[in-house]
């Protein structure tokens with residue numbers, strides 16, 4: 001928790017100091033109240049006392065009470081401001097950190113856990129700062145100040161107050177030891193609940209299609225019951241503290257008055273009034289001491305959960321990114337050139353290589369296609385080219401520069417990526433096509449041209465608001481083929497040096513696929529294209545075709561060359577098209 005608090009800036013510390021001074025003032029006012037109460041007690045029991053004197057002392061008590069209230073309100077405002085602004089900065093810091101994560105780190109934490117850490121965990125920290133900060137300052141000041149006020153009153157009263165405080169501390173320690181591990185478990189269970197909810201919502205169509213609602217509900221119910229059971233245990237343990245606190249307070253008051261009655265009974269007539277006044281004052285101060293420890297107890301209740309949340313946030317912030325940005329951001333002599341030199345790759349913690357010794361070169365304006373059976377490593381090549389992962393061995397060059405040397409932003413400006421699964425963001429058609437920043441202004445003319453080339457113009461113009469029509473998050477209000485075409489339009493509007501299509505034509509019918517590729521070839525004649533595909537028809541006219549099998553490159557060449565020399569390619573080709581269709585292609 002303290003690691004996060006070091007991020008407080010100068011302004012935050014000035015506000016904290018201001019809150020500290022206000023708390024000291026508030027405590028001073030609270031501890032003045034028993035003194036006035038004692039004076040009123042003495043005045044009431046003394047002969048010749050005037051009502052005006054009693055009312056004056058009462059007036060001072062009212063002023064102290066209202067002054068304490070005003071100070072408490074100001075402290076509450078200041079601590080709320082600090083906690084809210086601190087949480088805002090922390091959320092931003094966490095979000096930016098996750099933005100820079102590679103796929104390795106995302107998989108390590110899981111998406112659902114990162115969402116929980118950015119929302120629920122930071123809320124726990126905010127609550128602790130807002131409430132805990134004022135209690136953490138006020139409690140020890142009140143306790144120490146009140147103790148000094150009562151030390152000279154009576155050792156019997158001091159002893160019984162010390163015994164009450166000792167019982168209180170023992171109970172807090174036992175509670176901390178018991179509850180702390182459970183709070184860690186709660187946050188992990190919330191991660192799992194989020195994960196299950198996200199999984200169910202993402203796959204809702206499959207769930208319904210297979211009548212798996214009961215299965216999903218049962219799976220969710222198991223984790224939900226486990227979370228509820230753990231939360232119930234924590235709440236019951238915390239609820240146990242409140243009655244014990246009040247029991248100690250009431251027993252302490254009873255003990256003080258019981259001892260006081262004995263001391264007054266044994267005293268002479270002159271000391272009885274003084275002892276009675278001392279007893280009233282001591283009782284008030286003793287309650288202040290107990291209330292101070294009660295505030296500390298509340299902090300100890302909040303701290304375990306906030307500390308667990310802080311550790312989870314720190315774990316993300318202190319994670320070193322596996323993908324380190326380079327420094328190269330200068331204009332290169334070459335453009336649109338790709339070269340793989342003996343590239344091998346295996347996923348973190350995996351024993352076997354996914355790709356082995358992949359070498360090829362693509363010149364500007366060429367179209368290179370990658371084909372192979374499922375799991376052969378086609379999409380992995382795209383992931384390495386986009387630098388979502390770093391290669392294990394070898395070297396990847398773009399425009400003659402190792403991609404590890406590029407600044408991430410500069411590298412991605414060169415690439416126009418169309419993922420296998422089209423991703424749509426909540427916003428308009430214009431917003432989705434013009435998405436991102438690559439240092440070039442995307443005019444309305446460019447957006448419309450990109451939509452036209454991607455064969456999306458026909459359905460966009462039929463929408464009620466055309467280019468300003470809203471697209472739902474994930475593109476749930478348009479079809480899969482429409483999403484894919486808008487995704488392709490987004491890459492075209494970027495005007496990159498290199499286009500990367502990761503099985504991006506699979507959701508299109510053969511006619512649309514053919515027309516789109518024809519128009520795309522005309523529009524991107526000066527750009528390099530990398531196409532990952534399952535269909536032979538999609539890649540048949542590529543300048544080079546790479547054939548993968550179990551992570552190894554078993555063939556490279558044109559369609560006709562591979563039909564003669566590569567058995568794996570022939571097998572794929574003849575499984576999709578007839579001999580006549582292949583020979584006439």
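Read-outs: derived from the displayed coordinates by stated rules, not from any lab. Just so it is clear, the structure is predicted and the values come from calculations on it, not from any experiment. Using ideal geometry, Cβ is built from the backbone for each residue, glycine included, and neighbour counts are taken over all protein chains shown.
Numbers for the structure displayed
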| read-out | value |
| --- | --- |
| Size descriptor, Kirkwood hydrodynamic radius, that averages inverse alpha-carbon separations across the stretch 296-393, Å | 17.6 Å |
| Of all DSSP beta bridges in the stretch 338-583, antiparallel share, percent nearest 5 | 50 percent |
| Highest-first arrangement of 344-352, 86-94, where packing means the average Cβ count within 10 Å | 86-94, 344-352 |
| Packing-based exposure ordering (other Cβ within 10 Å, fewest first) of 190, 125 | 190, 125 |
| Debye intensity ratio in log₁₀ form over the Cα atoms of the stretch 385-471, taken at each q of 0.17 Å⁻¹ | -0.83 |
| Residue 237-residue 11 FRET efficiency (beta carbon distance; Förster radius 35 Å; 0.05 resolution) | 0.35 |
| Ratio of the Cα radius of gyration of the stretch 138-230 to 2.2 N^0.38 Å, where N counts its residues | 2.06 |
| For the chain, share of DSSP beta bridges that run antiparallel, in % to the nearest 5 | 50 percent |
| Cβ-derived FRET efficiency at R0 60 Å, residue 465 paired with residue 405, nearest 0.05 | 0.85 |
| Principal axis box of the chain, alpha-carbon based, largest edge first, Å | 124, 46, 45 |
| Scaled radius of gyration (Cα, divided by 2.2 N^0.38 Å) that the stretch 338-583 gives | 1.02 |
| Computed [θ] at 222 nm, deg cm²/dmol, the chain (DSSP H ≥ 4; -39,500 (n - 2.57); rounded to nearest 500) | -21500 deg cm²/dmol |
| Fraction of alpha-carbon pairs over 24 Å apart in the stretch 2-317 - percent | 66 percent |
| Along each principal axis, Cα extent of the stretch 25-144, largest first, Å | 85, 21, 19 |
| Fewest-first sequence of 214, 12 by Cβ atoms within 10 Å of each Cβ | 214, 12 |
| Distance (nanometres) between label positions extended 7 Å along Cα→Cβ at residue 49 and residue 519 | 9.6 nm |
| Separation of the residue 69 and residue 318 label points, Cα + 7 Å toward Cβ, nm | 4.6 nm |
| Packing-based exposure ordering (other Cβ within 10 Å, fewest first) of 218, 226 | 218, 226 |
| Between the stretch 305-371 and the stretch 411-489, the Cα center-to-center distance that results, in Å | 26 Å |
